[in-house]
Amino acid sequence: MPIANPMPKGAWLHRETDTVLGILGTAGDIVSGYFAKDTDVEFKNIDEPVTVADRECSAFITSSLRNAFPNDGILSEEEPDTTERLSKERVWIIDPLDGTQEFVIGLPQFVIMVGLALHGKPCLGIVLQPTSGLVYIGVPGVDAWVHRDGCTLSVRAGHRDELSRMRAAVSRSHLTALMETCLDDAGFAEHKRIGSAGLKAGLVAEGRADCWFHASIGLKEWDVCAPHAILEAAGATVTDCWGRDRRYNQADYHLRHGVIASNGRRHAQLIDHISRVCADHGFHRDNGFA
C-alpha cells in the first residue's frame, strides 16, 4: 500500500513524513490481513480489547521508527513505557489500532495513528484507515492533506459559526450520559457517531464536521497526538474540556481532562457549554474526569 508524500521536498519534516508514510504502508497491510477474520481478542480492561493485529502493528512501527530515528523517544499503546522518553526533545506517539472495538466486530471505523511531539507540542500527525486507503496528514504551520480515492488534497476546517448550524462528531462506542447531555443541550444541527478518534478529527479537519469532543476519562496521549497535529495544521482549535492547551510526552500519559476540537469559530462557547455540563455532573477543572 504505497502512500505518496504531498509535502514539497525540503519542507520541514519532509523526511519524517516520507518515512512514516512508508512504514504505514506496510503496517496497513498487517492490520488489513487480520480484518474481518476470526481473531483472538484479549481485554486490558472491561472496554479495552486488544488483538494480535494491535501487537504486530505496534512492534513493526516502533522497530521501524527506532531504526530510522534512533535518537528519538517512543510512546506506543502496546509497548512497555519507560521514563527514557521524558528526556527526549522528539517523541513518536503511536496508536497502532485506534478503534479496536470496531475492528473486532468487522466495522471499518479504525485507523493507525502516528504523531510526533517536539518539546511537548504536536508537530506531525498521520492517520491511515487501512482498508480504504484514506490518509490524513498534518504539519502545523505547513499544511494538512487528505488522500482519498487516489487523490490528495489540501484541507481546511470549516466556517460554520453558530452552534445551531454546527455538526458534531462523537464516539460510537464510548458515548457517556454526560456527552449525550452535551449534545442535547448544545442544539447542534446534527451529530455523527463514529469509531476512532482519528476519523472524527479528520472529519473536522476537512470541514465535514465542525467539532469533536470527548468529555470522559479514558483518553491517552496516543489517542490525540496525531489528530491534534492534523487539526491544528488544518486551522482548527484543540484544547481540553476546560480550554487548556494539550501537552504531550508527559510522565502521566492519561488525558484526564478530555478534549475539544473545533473549527475555532465558537470554541470558547463550546468550552463554556461543555464545562458547565461537566460541573453539573460533578466534574471540574482541577481533577477533570479522574
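Report whether or not Glu232 is within 16 Å of Pro122 (Cβ to Cβ), acidic (Asp, Glu) and in contact with a Pro (Cβ under 6 Å, 6 or more places away or on another chain). The answer is yes for Glu232.
Scan region 158-181 residue by residue and report those that are of a type in the set (Gly, Ala, Ser) and either over 24 Å from Pro108 (Cα atoms) or in contact with a Phe, Trp or Tyr (Cβ under 8 Å, 6 or more places away or on another chain) (or both). Passing the criteria: Gly158, Ser164, Ala168, Ala169, Ala177. Selection within region 62-83: residues that are free of Cβ contacts under 8 Å to residues at least 12 places away in the same chain and of a type in the set (Ser, Thr, Tyr). The member of this set that is surrounded by the most Cβ atoms within 10 Å (Cβ to Cβ) is Ser63. Restricting region 92-138 to residues that are closer than 15 Å to Ala201 by Cβ and of a type in the set (Val, Ile, Thr) leaves a set whose member that is surrounded by the most Cβ atoms within 10 Å (Cβ to Cβ) is Val111.
Taking first residues from region 206-225 that are within 11 Å of His257 (Cα to Cα) and surrounded by fewer than 21 Cβ atoms within 10 Å (Cβ to Cβ) and partners that are among the hydroxyl-bearing types (Ser, Thr, Tyr) and at pLDDT 95 or above, the Cβ contacts under 8 Å between residues at least 6 apart in sequence or on separate chains come to Lys220/Tyr253.
The values are calculated or read from the model by the stated rules, or taken from the named source; none is laboratory data. Keep in mind that this is a model prediction, so the values were computed, not measured. Reconstructed Cβ throughout: ideal geometry from the backbone, glycine too, with neighbour counts over all protein chains shown.
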